[in-house]
Amino acid sequence: MKAMVLKEICGLEVNRTPLELTELPDPVPTGEEILVKVSACGVCHTELDEIEGRTLPRYLPVVLGHQVVGRVAATGNSANTFRIGERVGIAWIYAACGTCKFCLTGNENLCRDFKATGRDANGGYAQYMTVSEGFAYRIPDGFNDAEAAPLLCAGAVGYRSLRLTGLRDGQNLGLIGFGASGHLVLKMARHQYPNARVFVFARNVKERAFSREIGAVWAGDIAEEPLEKLDCIIDTTPAWGPVVEALKKLEPGGRLVINAIGKEEGDKRSLLLLDYPAHLWLEKEIKSVANVSRRDVSEFLVLAAEMRIKPEIQEFALEEANAALIELRTRGIRGAKVLKID
């Protein structure tokens, strides 16, 4: 099979083609695994974190990609959940131990043996991949394969982030960064909390205009001050400066949810600007998002079908994965980027 393979950790400013098109043996499903013939795979900022070493792959070389849509091509001898030819999705959560206190209380995203698709096992930047049937999901009708791919991470982790904010209808929500996840969160918030007001902070003028098109009441640069304080904020950026700015914009008792698997080192000195009375006092709080659980993915897919969400997407061929990643890094983005795999 063809696959785009990461063979070494590197900086994109040094190597703009970190993935190499490679021929690999077709994987073979065993036990409860299914073999998925991949048709589409979303491109996520987490892949940049893997390439540059902020979340290290368990082994190299590795096939990246964790927003995977395809058809079941074969099954292991103990697999009986899906039929051959059935459409399925695979998300960031590839496996968890199932027996620890976190798994037993529905918090498998915190499992110490959590395994991630495309990091701890080969992912969807390839023509085929295998996964345990318990970590695959039926894709609702109403989405084509490319539209469904971003739902499996950008959508699911956005759903978890929105839930962690504790937002109530009528409150003010801020979104810092407006990529694949941000635009889906805005659509979710408008559906679930119709009286909530959404404020978007983004560097890119086109991103701001896009956010207003789909329901933001205000959009500006991160340094700008909206006329109202915000009850909660979701930060999806890879930088530290927005954390300080977000805390300044919160109401007393407000919550900042950081939806990022890692922050880059470039502007870490921004944290020296943190001023306790202005940024943290009056019971403001910070919460991070760690991975996703299967519940997040399953619940969000139902919600997405109910809402008839149509993610904004840009399509690339598998061989163009490096170009898609560079565009993601340079913010040449509107919505989500998806690899179409022949």
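The values are calculated or read from the model by the stated rules, or taken from the named source; none is laboratory data. The structure presented is a predicted model; accordingly, all values stated were derived computationally and were not measured. Quick reminder, even Gly has a Cβ in these numbers, built from the backbone with ideal geometry, and neighbours come from all protein chains shown.
Structure notes:
- Residue in the range 150-173 that is at positive phi and assigned by TED's automatic domain parsing to the domain that holds GLY215 present: yes
- Residue list for the range 140-179, filter: in a loop (DSSP other than H, G, I, E, B) and in contact with a Gly (Cβ under 9 Å, 6 or more places away or on another chain): CYS153, GLY179
- Selection of the range 180-211 for residues being at pLDDT below 95, touching a Lys or Arg at 6+ places or on another chain (Cβ under 8 Å) and either part of a loop (DSSP other than H, G, I, E, B) or not charged (D, E, K, R) (or both) yields ALA180, ALA202, ARG203, ASN204, PHE210.
Every residue, every condition in (1) more than 17 Å from the chain's Cα centre (by Cα); (2) more than 23 Å from ILE258 (Cβ to Cβ); (3) surrounded by fewer than 19 Cβ atoms within 10 Å (Cβ to Cβ), yes or no:
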{"site": "GLY76", "(1), (2), (3)": "yes, yes, yes"}
{"site": "ASN80", "(1), (2), (3)": "yes, yes, yes"}
{"site": "THR117", "(1), (2), (3)": "no, no, no"}
{"site": "ASN122", "(1), (2), (3)": "yes, yes, no"}
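- Residue within the range 115-131 that is more than 22 Å from MET4 (Cβ to Cβ) and not in a helix (DSSP H, G or I) present: no
- Filtering the range 302-320 to residues that are within 17 Å of the chain's Cα centre (by Cα) and surrounded by 15 or more Cβ atoms within 10 Å (Cβ to Cβ) leaves LEU303, ALA304, ILE309, PRO311, GLU312, ILE313, GLN314.
- Some residue of the range 290-305 being part of a loop (DSSP other than H, G, I, E, B) and hydrophobic (A, V, I, L, M, F, W, C): yes
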